[in-house]
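Following: one structure in structure tokens, then a few remarks.
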Amino acid sequence: MALKIVKGSIDRMFDKNLQDLVRGIRNHKEDEAKYISTCIDEIKQELKQDNIAVKANAVCKLTYLQMLGYDVSWAAFNIVEVMSSSKFTYKRIGYLAASQCFHESTDVIMLTTNQIRKDLSSPNQYDTGVALTGLSCFVTPDLARDLANDIMTLMSHTKPYIRKKAVLIMYKVFLKYPESLRPAFPRLKEKLEDPDPGVQSAAVNVICELARRNPKNYLSLAPLFFKLMTSSTNNWVLIKIIKLFGALTPLEPRLGKKLIEPLTNLIHSTSAMSLLYECVNTVIAGHDVNGSPFLPPFSLALFLFLRFQLCVQKLRILIEDSDQNLKYLGLLAMSKILKTHPKSVQSHKDLILQCLDDKDESIRLRALDLLYGMVSKKNLMEIVKKLMLHVDKAEGTTYRDELLTKIIDICSQSNYQYITNFEWYISILVELTRLEGTRHGHLIASQMLDVAIRVKAIRVFAVAQMATLLDNAHLMTGNVQRKGICEVLYAAAWICGEFSEHLENPMQTLEAMLRPKVATLPGHIQAVYVQNAAKLFATLLKNQEGNTDRTAAQETSQLMIDRLPLFVQSANLEVQERASCILQLVKYIQKLQQKDVEVAEEVIALFAGELNPVAPKAQKKVPVPEGLDLDAWINEPPSESESEDEQPKAIFAKEEPKHSRARHTEVDEKELAKRREARKQEQANNPFYIKASPSSQKVYQEAPGVEHIPVVQIDLSVPLKVPGLPMSDQYVKLEEERRQKERVEKKKKEKKKRKEKRGGRGKKHDSGPESEEDITPAHMVDIVTEEMPEDKKSSKHKKKKQKREKEEKEKKKKKKHHHHHHHSDGGGEESVQNGTVEEEEPLPVSVCHQSFTEIDIQGNLQDGSQVVVSVIFENKCDNFLKTMEFNVLDSLNSKLQRPEGSGPHDGLSVPFQLPPETRSSGTLRLSVFVIVFPQNEDSSTHEKLDFKLHFTCSSYLITTPCYSDAFAKLLESGDLKCSSVRLEGVNMPFHHLLARICFHHHFSVVERIDSCASMYSRSIQGHHVCLLVKTSGQTVSIDAKCDEPTLLGNVLDEIKQTFSQC
Amino acid sequence: MYKNSINFMLLFSRQGKLRLQKWYVPLSDKERKKISRDLVQTILARKPKMCSFLEWRDLKIVYKRYASLYFCCAVEDQDNELITLEIIHRYVELLDKYFGSVCELDIIFNFEKAYFILDEFLLGGEAQETSKKNVLKAIEQADLLQEEAEAPRSVLEEIGLT
């Protein structure tokens, strides 16, 4: 034996320890993998030895190798061996290795249960600590189940060091083994008032995390947390508590009112930025939920608003800070406000514009996002001017592209609502074409087309600009890096062709369009060139035939005949086809011209008529021709292979044909745009994503010609200024002047008016800053998104106003309603606790000064006939309640579950005492035999309090998740009975409606498509309940299926009742 | 699915070598490797003057560079970035106190100690001890326990050379 020890020690002397390993790896930088594989071989040898010290050393090295990314799962058993060493030194290493290497699928974890249990109960607190720490990393559902009790005991350990760890790890245990929550919760709650601040903060942590997952169960703790919040000075704890309240307030709006004061105090007093940020965020978020059904009364809303202003002020301080991090967070929080209160953000425009100068790109991008929501007619030009400056300065294409898209987004948002001068906008677009290496040529082009088509007044100007662009096309095509921008030429060529009557010098433009260099452009652009050259040609002929000299017209034809063959040779079919077609046409025209025939009128007829944009929804307004049934099948419907999203529709019989149309229209576009944005964002952040580069355009370059010869391009770093192109800046000034003039004119008019009817109502003091409505756009946009073209005369501003008025009226109505509501619920102060009462609709009866509130009725899944009722007992009097008894008169169908040995009419004694002014919660179990009827439980004992428990059928339902395929199978099985109900006048967003059904009736959403959702729930006795909820306007129709028709009928009645109350 | 304050913590060098990793959410080795590789690349690509936060997948990443080491935490969407930054700083302070002006090599050669300190400071992704003094006391006492066990058993003693 002694010899063995000696031998082991000698071995140890020559073993590599961790330091040697690390050093070795550093010295073998070239052949690291090879070196490590020899090390792993050595480690394998070491693990075979009996000496625990050698083993521990080997395991320690393995842990290091694991971090470097090597697989060490083969050594799991050895790790367990080291964990079970009696020496702390080795145990510590063993647990560390386990916590780094084990995960749920590691099978040896099963072997550790007893060892861990032993360590948990070790007299040495550090043994216990190490075991708890390790467990927190690799706890499995099995371990959680087996050890839950041991850990729970540790929560009351004498050493705070252990208590604190045990409390924290309980959270992990709850996650893995949720059944442990109920028995452990009272003790966890006790820990909130532990004398040791560390344990207390651990308990706060755990409860906050739990409440984040399921806030409604923790409402009853609100008073306790409120006390902690006002007494604690620990910022870490305070932040957690504030977060918790953030989760609770949406469920209990009165809580928000109580919180205002302490939150405001904290905002004013704290020096910790993290705490301040948390408070501000919570107030903002709380302000957000105002849109929800829990709208606070008007006065409260106003009060909140003042606090809200305070938050915005504080955010300003954050943004002004020199610390990048605070700046970033300030902007982040601002963008949350922007969605609900754009006005509050707008007043900080100066600050946000400053952030565009920040050296940190992520801050600049945040500021850009904010700017989008901040523009108005008044400041658009100024903001864009600022952005254009940044475009020039920006280094790095990504940021510059981002700026470019943002400028276009900002200007084009809601149908160019904020643009008052379109000449300015065209100039901006033209200036943007000078950007090098941008990928967004296509975007600019589509804007140019859109504006030129829809704003008629701007065409003359646009055509002139586009002609200049075409003339200088070489600037765009010359440089490889500028390939993306040549898309703009597509728009330029089309505009010049289509509106050629506005051209000043059509001949010059025609020549520009037929230059040989054009053949190097992508095919689709060449095609547009050719086609529009023909349009231009037609216009030219018309002009020239008016003259006495015919030679000019003939020269034009000759020019076409000379240049077009270049395009006829194009490899692009579209270009080839158009070119040869037009070439033949011109040849024919030339023949006629030689005979002195006037052809211009006929040629122009080829391109007569204006192309009008069509609204995406215009099709809807076209009446369906008689005899055409759009819903009828053209072919026999396929029987099996239906697409998935069609299934729920086909199964529920009563489907209105209306829905099929409403489903696909408008929502998709927004949603798609959102997803696209998200994807772009992700791609931008992902360095591995290969971004589309301008060179992807090469596909079009197959045309014959010179570009196969490699030519070195001169890369100009200075943006090129094209002579003759407009500068957008001048418009800013012009616009100012124009507005000034308008204002003066208006004043004049008003003066006149005032003179006419002296003392009339028309008083308007316009000396202050002009309001949004006063700025009239210089050009009108044709709005074609909503209306058919014939409606386009009606100015959108009028519409807007009407809409706004309507909204305001609605708001007022709401406010009134809520005011009323507030009065009816009476003494609000005390009853924070009773928050759920309103929702659940039980009948709390308060006799003497004791109150009794039912908070939750829930079925028990394990036992199909058991229902658990949680109640809160509250002692409102000054006396100490020593014993309480709780009894329910058994009915035919339900029975209180009593401890063994007690008679059928004995009450249950409540297992706690109630000091004055306190509350406590208890649970009682009832056996219910038939669950398909709702029941009323009456109780009347000779004690103090009578109560009634209303057991709705919904309380027998258990929220059960269900996959759509399983759902479909269930519906197809044909065992289910059908029933349906219609609700009228439900005025709430669809997702609120679903949330309400989920919350009150324990359903889960299986699938949701637009305004149609399928939902599922299961009763404790295993009845399936399926719903298909559809909404159109204020009507909600619910088709339901269940294998028990009575239950179904009752559940539907209850749902109906829920919505009749709102 | 699993709500947790801190989902994981990574320490890596300027060269992108991982120096320490602690995962508080159950993920497979493959996922862990992918996440740390992606994240290290993303953070190293950022310019030095940029702010410490970024949005990454559905997580918020909070990182800070201390000398040649990057400390990086991933937290949930609703979590407080500033307090996370404070947690990172607190950990660095702890390392500094323990090793006495810590450098990257200390953490490389004593990586298990760095883990022990982290485990005393954070547990299951939550800060368990906000007092620096208490953390260091616990570590020192545990170390003492270790030395007691080791001290009388120097190798030479064991083979009877002294």
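The values are calculated or read from the model by the stated rules, or taken from the named source; none is laboratory data. Just so it is clear, the structure is predicted and the values come from calculations on it, not from any experiment. Counting neighbours? That spans all protein chains shown, and the Cβs are built from the backbone with ideal geometry, glycine included.
What to note about this one:
- Any hit, region A:448-470, residues being of a type in the set (Phe, Trp, Tyr) and crowded, with 20+ Cβ neighbours inside 10 Å: no
- Enumerated helices (runs of 4 or more DSSP H) restricted to region A:310-378, each holding at least 3 residues that are buried (at least 20 other Cβ atoms within 10 Å of the Cβ): A:324-340, A:361-374
- Pairs where the first residue, in region A:333-362, is over 11 Å from residue A:284 (Cα atoms) and away from chain B (no Cβ under 14 Å) and the second is among the aromatic types (Phe, Trp, Tyr) and crowded, with 17+ Cβ neighbours inside 10 Å, C-beta under 8 Å, 6+ apart: A:344/A:308
- Residue within region B:113-133 that is away from chain A (no Cβ under 11 Å) and of a type in the set (Ser, Thr, Tyr) present: no
- Of everything listed in (1) surrounded by 14 or more Cβ atoms within 10 Å (Cβ to Cβ); (2) part of a helix (DSSP H, G or I), the single unmet condition for residue A:619 is (1).
- Unique match (being within 10 Å of chain B (Cβ to nearest Cβ), more than 19 Å from residue A:56 (Cβ to Cβ) and surrounded by fewer than 23 Cβ atoms within 10 Å (Cβ to Cβ)) among A:105, A:121: A:105
- Cβ-Cβ distances below 7 Å connect the following pairs, each with a first residue in region A:573-591 that is free of Cβ contacts under 8 Å to residues at least 12 places away in the same chain, a second residue that is in a helix (DSSP H, G or I) and surrounded by 13 or more Cβ atoms within 10 Å (Cβ to Cβ), and a separation of six or more residues or different chains: A:576/A:568.
- Within region A:499-527, the set of residues being closer than 20 Å to residue A:451 by Cα and buried (at least 22 other Cβ atoms within 10 Å of the Cβ) comprises A:500, A:503, A:525.
- Selection status of residue A:84, surrounded by fewer than 20 Cβ atoms within 10 Å (Cβ to Cβ), away from chain B (no Cβ under 12 Å), among the polar types (S, T, N, Q) and touching a helix residue (DSSP H, G or I) at 6+ places or on another chain (Cβ under 8 Å): yes
- Matching option when the condition is closer than 27 Å to residue A:250 by Cα, hydroxyl-bearing (Ser, Thr, Tyr), modelled with pLDDT of 80 or more and in contact with a His (Cβ under 6 Å, 6 or more places away or on another chain), among A:954, A:1017: A:1017
- Pairs with Cβ under 8 Å, 6+ apart, first in region A:69-84 and in contact (Cβ under 8 Å) with a residue 40 or more places away in the chain, second loosely packed, with under 15 Cβ neighbours inside 10 Å and not in a helix (DSSP H, G or I): none
- Of all residues making up region A:252-275, the number that are in contact with a helix residue (DSSP H, G or I) (Cβ under 8 Å, 6 or more places away or on another chain), within 14 Å of chain B (Cβ to nearest Cβ) and more than 14 Å from residue A:229 (Cα to Cα): 3
- Listed by position, the helices (runs of 4 or more DSSP H) inside region A:160-223 whose residues that are within 11 Å of chain B (Cβ to nearest Cβ) number at least 1 are A:160-176, A:197-213.
- Meets criteria (over 30 Å from residue A:284 (Cα atoms) and under 32 Å from the mean Cα position of the chain (by Cα)) for residue A:186: no
- Among the residues of region B:2-19, those that are more than 9 Å from chain A (Cβ to nearest Cβ) and either β-branched (Val, Ile, Thr) or more than 20 Å from residue A:97 (Cα to Cα) (or both) comprise B:6, B:13, B:14, B:15, B:16.
- Residues located in region A:225-248, provided they are surrounded by 17 or more Cβ atoms within 10 Å (Cβ to Cβ) and more than 14 Å from chain B (Cβ to nearest Cβ): A:225, A:226, A:228, A:229
- All conditions in (1) surrounded by 19 or more Cβ atoms within 10 Å (Cβ to Cβ); (2) not in a helix (DSSP H, G or I) hold for residue A:274, with the sole exception of (2).
- Within region A:61-70, not a single residue is away from chain B (no Cβ under 12 Å) and either surrounded by 23 or more Cβ atoms within 10 Å (Cβ to Cβ) or over 21 Å from residue B:142 (Cα atoms) (or both).
- Entirely in region B:20-106, the strands (runs of 3 or more DSSP E) that have 1 or more residues that are modelled with pLDDT under 90 and facing chain A (nearest Cβ under 7 Å): B:53-56
- Look at (1) over 26 Å from residue A:250 (Cβ atoms); (2) assigned to a strand (DSSP E or B); (3) of a type outside the set (A, V, I, L, M) and you find that residue A:1008 fails only one, number (1).
- Qualifying positions in region A:585-628 - touching a Ser or Thr at 6+ places or on another chain (Cβ under 6 Å) and farther than 19 Å from residue A:551 by Cβ: A:615
- Members of region A:981-991 that are in contact (Cβ under 8 Å) with a residue 60 or more places away in the chain and either farther than 16 Å from residue A:1014 by Cα or surrounded by fewer than 16 Cβ atoms within 10 Å (Cβ to Cβ) (or both): A:983, A:986, A:988
- Entry remark, region B:134-144: residues being more than 9 Å from chain A (Cβ to nearest Cβ) and either within 13 Å of residue B:97 (Cβ to Cβ) or touching a His at 6+ places or on another chain (Cβ under 9 Å) (or both) number 5 in total.
- Extreme residue, modelled with the lowest pLDDT, among residues of region A:379-419 that are part of a helix (DSSP H, G or I) and among the small types (Gly, Ala, Ser): A:414
- Yes/no for residue A:10 being over 17 Å from residue A:93 (Cβ atoms), of a type outside the set (Lys, Arg) and at pLDDT below 85: yes
- Scanning region A:560-597 for residues that are surrounded by fewer than 18 Cβ atoms within 10 Å (Cβ to Cβ) and among the small types (Gly, Ala, Ser) yields a total of 2.
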